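The values are calculated or read from the model by the stated rules, or taken from the named source; none is laboratory data. Quantities reported herein were computed from a predicted structural model and do not represent experimental measurements. Neighbour counts are summed over all protein chains in view; Cβ atoms, including those assigned to glycine, are modelled from backbone coordinates with ideal geometry. When the accessible area is computed, the model is the full protein with side chains, heavy atoms only, and any ligands, DNA or RNA have been set aside. Shrake-Rupley method; radii C 1.70, N 1.55, O 1.52, S 1.80 Å.
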Amino acid sequence: MLTQHRKPISLSLMSYDLPLWSVVETDATLYQKDSERFHVLLTEPLIQDSLPLLPSQVMSPSVPATPRLLWLEISPYRVTMTMQGNGKFSYRHFWEQGVYGVSRYWLQTESFTGSHQMRLRNFTRRLTLDGQPFPEHLRIEYELWAQQLRIGHYVMNLEILH
């Protein structure tokens with residue numbers, strides 16, 4: 001049974017090790033796949049390559065105008081998050097508590113030679129999903145690894161307002 005609901009959400013990412021904190025507040029579509037599985041679909045704001053030097057300057061025409069779609073597949077046991085769109089940068093993360101998952105990043109080049117892929121591992125320390133019958137809060141604590149080097153310890157929170 002697939003049902004959908006339009007809900008306001010807050011998605012945040014924070015690092016314990018680095019000066020990184022990002023918050024997106026927008027509306028998302030919540031799809032219920034079954035009693036424990038949901039999909040959350042939202043449009044992610046564009047990231048500018050550089051900030052304008054003067055307030056009167058506008059964004060460079062090289063910044064793509066297409067939206068970037070962020071799609072989360074969530075359950076109490078595992079989460080997959082995929083960002084696709086804009087033709088330049090995409091990523092996919094897979095988290096499951098106590099398991100080394102995969103984080104993949106793709107960077108498209110300006111030429112037609114293809115794309116470059118970077119694959120990292122992540123270790124999910126904690127994954128919690130609260131709310132019944134619909135999810136209200138998702139929290140994922142994870143470490144990001146490049147071979148034997150820990151890149152950082154992160155927390156992602158998704159709040160779905162009902």
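Contact map, the range 144-162: residues that are surrounded by 13 or more Cβ atoms within 10 Å (Cβ to Cβ) paired with residues that are among the aromatic types (Phe, Trp, Tyr) and not in a strand (DSSP E or B), Cβ distance under 8 Å, separation 6+ or inter-chain. Pairs shown: Gly152/Tyr16; His153/Tyr16; Tyr154/Tyr16; Val155/Tyr16; Ile160/Phe134. Entry remark, the range 9-32: residues being exposed (fewer than 15 other Cβ atoms within 10 Å of the Cβ) and more than 20 Å from Met83 (Cβ to Cβ) number 3 in total.
Could you tell me which residue of the range 102-132 is most open to solvent (accessible area, probe 1.4 Å), considering only residues that are touching a Ser or Thr at 6+ places or on another chain (Cβ under 8 Å) and at pLDDT 90 or above? The residue in question is Arg119. If we keep just the residues of the range 133-143 that are surrounded by fewer than 16 Cβ atoms within 10 Å (Cβ to Cβ) and out of contact with any His (no Cβ under 7 Å at 6 or more places or on another chain), which is modelled with the lowest pLDDT? Among residues in the range 133-143 that are surrounded by fewer than 16 Cβ atoms within 10 Å (Cβ to Cβ) and out of contact with any His (no Cβ under 7 Å at 6 or more places or on another chain), the one modelled with the lowest pLDDT is Pro133.
Based on what the data block shows, is Glu44 at pLDDT below 95 and farther than 22 Å from Ser90 by Cβ? No, not satisfied.
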